[in-house]
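Student: Quick one: the structure is below, questions incoming.
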């Protein structure tokens, strides 16, 4: 089976990287860095799962599991990109801090954050996409990839950080209220009670 380790803002600490390497070498595992910026250990023998998780947890690993709020997928941000206008790691941390007490998040939606208008993290084709620019934040909802990709609806344009975070919280609550099973945001944005019906 596979073990998925969550990597906030796509950062892979050296001690975690070393431990993952040790486990992979010891048990002949594959390592995959996923498109949503997680680390996956592949083909873990079932009888070794608890042992591997214990070793990884000892160096701070957190694991994907049902009900956990999704880590935002982010671009590298202004620290490392001359086009970036925000620190995407810090902004991702603010999102996670806002939802840290949430233990029963319903699947299925993803969040992406881009530090400039190039949208390298795919904000326009993600359930909730936040795009920073020199004039403020744009918020997209209902984007999706797959065989029939759709660009999300831009519901906020040029707003400040607190406004966009408050809107994300409102949308997450709407998703929770209106979902009884796995539900992509795309299927909810035309609901008559959706809090942001207009494209801007």
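The values are calculated or read from the model by the stated rules, or taken from the named source; none is laboratory data. Predicted model, so just to flag it, every value in this text is computed and none were measured. Every residue, glycine among them, receives a Cβ derived from its backbone with ideal geometry; neighbour counts consider all protein chains shown.
Student: If the requirement is being surrounded by 14 or more Cβ atoms within 10 Å (Cβ to Cβ) and in a helix (DSSP H, G or I), which of these qualifies: 92, 121?
Tutor: 92
Student: Let me ask something additional. Counting only residues that are surrounded by fewer than 17 Cβ atoms within 10 Å (Cβ to Cβ) and in a loop (DSSP other than H, G, I, E, B), how many does the range 24-63 have?
Tutor: 8
Student: Another question about this same structure. Residues in the range 186-200 that are surrounded by 14 or more Cβ atoms within 10 Å (Cβ to Cβ) and in a helix (DSSP H, G or I): how many?
Tutor: So the answer is 1.
Student: Would you be able to say whether some residue in the range 136-148 is within 25 Å of residue 97 (Cβ to Cβ) and touching a residue at least 60 places away in the same chain (Cβ under 8 Å)?
Tutor: No, the range 136-148 contains no residue that is within 25 Å of residue 97 (Cβ to Cβ) and touching a residue at least 60 places away in the same chain (Cβ under 8 Å).
Student: While we're looking at this one, here's another question. Give the residues of the range 134-149 that are at pLDDT 95 or above and either surrounded by fewer than 16 Cβ atoms within 10 Å (Cβ to Cβ) or closer than 18 Å to residue 195 by Cβ (or both), sorted by residue number.
Tutor: 134, 135, 137, 138, 139, 140, 141, 142, 143
Student: A further question on this structure: What residue, among those in the range 159-185 that are outside any helix (DSSP H, G or I) and surrounded by 13 or more Cβ atoms within 10 Å (Cβ to Cβ), is farthest from the chain's Cα centre (by Cα)?
Tutor: Result: 159.
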